[in-house]
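Inspection log for the structure reproduced underneath, given as structure tokens.
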Amino acid sequence: MHEINSGKWYSGADIAEVLRYSGVRSVEDCGESILSEAFDAVNQVGEAALPKVITRECLLTVSGNVCVVDGIEFESESLSAHLQGCDKALLFASTLGSGVDMLIGRYSAVRMSYAVLLQGAAAALIELYCDMECALLEKEYQKAGYYLRPRFSPGYGDFSLKSQQVLIGYMSAYKYTGIAVSNGGQMTPMKSVTAVIGLSRTPGTSRGCCASGKCADCPNIDCMFRRA
């Protein structure tokens, strides 16, 4: 587990992604004022964030639709397909911290339109931070002869959201990152991510859902964030 305390790591945010998460289909669909506010939202969220991540390496076996991670069974056809060929897995949890929740909460009470942009910025930044951390993990594990599969989170395909409680508990994520999860699968802080990352000896491509980063691969055609 570690955290970023300095440096504008969030400067690499894709403003088109911020707008997409805010409900704007493209940069061309918004005016200069909204675009300026979106950049400002990224800076505000970035300054409020105290991102943290924790990972745990586990042994993995896949049999049919069941993945067994350090003796813990997850029944999911999509997760099993995604992890085929892997003999280890990383459990992954990351958050932007409670400061971002408080920032969004303040603006939600007085300026909802800007709060929507803050929500979009936070959604884009947690993905950016996770991508940055996974890039570091990839370099680390390639030295040991392993390749990382893309993150696969509860909620993708038929991988139950209730699995978040298991992942958080097994990693002791609350102790190290402050991430908690309700019985219904809602995480706090809100901008938090849990995932399973497969480790294989050979390069592989995802056959799962959004973990591949390609909406065309995802069976959830009703997702409000689906790209055209």
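The values are calculated or read from the model by the stated rules, or taken from the named source; none is laboratory data. Everything quoted here is computed from the prediction, not taken from an experiment. Cβ: placed from backbone, ideal geometry, glycine included. Neighbour counts: every protein chain shown. With ligands, DNA and RNA removed, areas are computed over all heavy atoms of the protein, side chains included. Shrake-Rupley method; radii C 1.70, N 1.55, O 1.52, S 1.80 Å.
Side notes on the structure shown:
- Members of the range 181-204 found to be in contact with a Phe, Trp or Tyr (Cβ under 7 Å, 6 or more places away or on another chain) and open to solvent by 70 Å² or more (accessible area, probe 1.4 Å), listed by number: 201, 202, 203
- Of all residues in the range 142-154, those satisfying the criterion of being more than 11 Å from the chain's Cα centre (by Cα) and open to solvent by less than 50 Å² (accessible area, probe 1.4 Å) are 145, 146, 148, 149.
- Unmet requirement for residue 86, which otherwise passes all of (1) modelled with pLDDT of 95 or more; (2) surrounded by fewer than 21 Cβ atoms within 10 Å (Cβ to Cβ); (3) more than 23 Å from residue 8 (Cβ to Cβ): (2)
- Condition check for residue 94: over 27 Å from residue 142 (Cα atoms) and of a type in the set (Ser, Thr, Tyr): no
- Filter pass, residue 94 being in a strand (DSSP E or B), hydroxyl-bearing (Ser, Thr, Tyr) and touching a helix residue (DSSP H, G or I) at 6+ places or on another chain (Cβ under 7 Å): yes
- Matching residues, the range 95-141, being among the polar types (S, T, N, Q) and surrounded by fewer than 12 Cβ atoms within 10 Å (Cβ to Cβ): 113
- Which numbered condition residue 24 fails, given (1) closer than 22 Å to residue 194 by Cα; (2) assigned to a loop (DSSP other than H, G, I, E, B): (1)
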